[in-house]
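A.B. asks: I am attaching a structure below and will ask some questions about it afterwards.
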Amino acid sequence: MTKADIVNEIAKSTGFDKSQVLETLELFMEIVKDSLSNDKNVYLRGFGSFIVKTRSQKTARNISQGTTIIIPEHKIPAFKPAKVFMEEVKK
């Protein structure tokens, strides 16, 4: 399902104009991105959590050159679904 599909479904269900729904969805995604980039997790009860995970430093190999490189510690965004959400998907 794409963002356009989501907008169409919400517009159909609510009767709101597609442009209003798209603007709201874009604003939601922007707020989530801003929160995660400021190390603030986003919790949506019954749905899940958008969280920031820290990957520790590790050593990797560049196979083509045969060299060893160090990948520094870095943060990545992640999604952790709620139990209710997981149970519904498993059905």
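A.B. asks: Considering only the range 58-76, how many residues are open to solvent by 100 Å² or more (accessible area, probe 1.4 Å) and not polar (S, T, N, Q)?
C.D. replies: 6
A.B. asks: Right, next: Would it be correct to say that Gly46 is out of contact with any strand residue (DSSP E or B) (no Cβ under 8 Å at 6 or more places or on another chain), open to solvent by less than 90 Å² (accessible area, probe 1.4 Å) and under 24 Å from Asp5 (Cβ atoms)?
C.D. replies: On the way: out of contact with any strand residue (DSSP E or B) (no Cβ under 8 Å at 6 or more places or on another chain): yes; open to solvent by less than 90 Å² (accessible area, probe 1.4 Å): yes; under 24 Å from Asp5 (Cβ atoms): yes.
For Gly46, the condition - out of contact with any strand residue (DSSP E or B) (no Cβ under 8 Å at 6 or more places or on another chain), open to solvent by less than 90 Å² (accessible area, probe 1.4 Å) and under 24 Å from Asp5 (Cβ atoms) - is met.
A.B. asks: Before we move on, is Lys33 open to solvent by 100 Å² or more (accessible area, probe 1.4 Å) and within 29 Å of Met86 (Cβ to Cβ)? Don't jump to the end; show me each part of the working.
C.D. replies: On the way: open to solvent by 100 Å² or more (accessible area, probe 1.4 Å): yes; within 29 Å of Met86 (Cβ to Cβ): yes.
Against the criterion (open to solvent by 100 Å² or more (accessible area, probe 1.4 Å) and within 29 Å of Met86 (Cβ to Cβ)), Lys33 qualifies.
A.B. asks: Restricting to strands (runs of 3 or more DSSP E) lying wholly in the range 1-78: which have 3 or more residues that are in contact with a Phe, Trp or Tyr (Cβ under 7 Å, 6 or more places away or on another chain)?
C.D. replies: Working: elements: 42-44, 48-55, 58-62, 67-71.
Once the strands (runs of 3 or more DSSP E) in the range 1-78 are filtered for at least 3 residues that are in contact with a Phe, Trp or Tyr (Cβ under 7 Å, 6 or more places away or on another chain), what remains is 48-55.
A.B. asks: Any idea which of (1) surrounded by 12 or more Cβ atoms within 10 Å (Cβ to Cβ); (2) touching an Asp or Glu at 6+ places or on another chain (Cβ under 7 Å) is the one Val21 doesn't satisfy?
C.D. replies: All conditions pass for Val21, except number (2).
The values are calculated or read from the model by the stated rules, or taken from the named source; none is laboratory data. Source: prediction; values computed, not measured. Backbone-built Cβ (ideal geometry, glycine too); neighbour counts: all protein chains shown. In case anyone asks, the SASA skips ligands and DNA or RNA and just uses the protein heavy atoms, side chains included. Shrake-Rupley method; radii C 1.70, N 1.55, O 1.52, S 1.80 Å.
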